[in-house]
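So the structure is just underneath, and the comments pick up after that.
Read the figures in this text as sums done on the coordinates, not as results from a lab. Please read these numbers as outputs of a predicted model, since none were measured by experiment. Here the Cβ positions follow ideal geometry from the backbone for every residue, glycine too, while neighbour counts run over all protein chains shown.
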């Protein structure tokens, strides 16, 4: 089976799993019953591995490693709970899969940092289109510029939204509101 070859190439050593099943708290009774020739609903052995409804049963000692490999996908990196669950449920089975995935991902610091903290509250409303020059303007600062010989290191810019005309003036990072208003009206 191709999936078993892939698992082995990732270091899971599925050849050891039959021995692990015998002492695994989740699958030991099921695996032992199947070895004795008893029928267990939804479970079947194949090539000494245990399957549940066509999915490979993963021993407890392999859970974290399996979640890690899916969560830290080479393509998408740091899937959330739902995507990680979807990938794992296609091929693997263990009783507390959803619980284990949620717990693992909540403990992932990279995912916590990358996750946006502010959710969108609704649709953005565009600003009304101006009908004449200087009816609507936008103001902003540009920073990260080298200082001039007079110590100016910021650019204050005013843009007319009607005709997109830009007016720019140099200023210092430490400029105060009164000086900005004066600069604006000049």
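Among 58, 170, 87, whose mean-square fluctuation peaks in a Gaussian network model of the chain (Cα, cutoff 10 Å)? Of 58, 170, 87, the most mobile in the Gaussian network model is 170. A straight chain from residue 3 to residue 103 at 0.36 nm per residue would run longer than the Cα-Cα distance by 33.4 nm.
Build a GNM of the chain with springs between Cα atoms under 10 Å apart, and of 134, 35, 50 the one that fluctuates most is 134.
The GNM of the chain, with springs linking C-alpha atoms under 10 angstrom apart, assigns the highest mean-square fluctuation among 33, 86, 166 to 166. The alpha-carbon positions of the chain define a convex hull whose volume is 229 Å³ per residue. Spin-label model, residue 28/residue 159: points 7 Å from Cα along the beta carbon direction are separated by 6.8 nm. Here residue 10 and residue 89 are evaluated by their C-beta separation; at R0 = 25 Å the FRET efficiency comes out at 0.85. So if R0 is 25 Å, what FRET efficiency would residue 96 and residue 53 give, r being the distance between their Cβ atoms, rounded to the nearest 0.05? Taking R0 as 25 Å, the efficiency between residue 96 and residue 53 is 0.90. Computed over the chain, the per-residue total of -39500 (n - 2.57) for DSSP H runs of n ≥ 4 gives a 222 nm mean residue ellipticity of -10000 deg cm²/dmol, rounded to 500.
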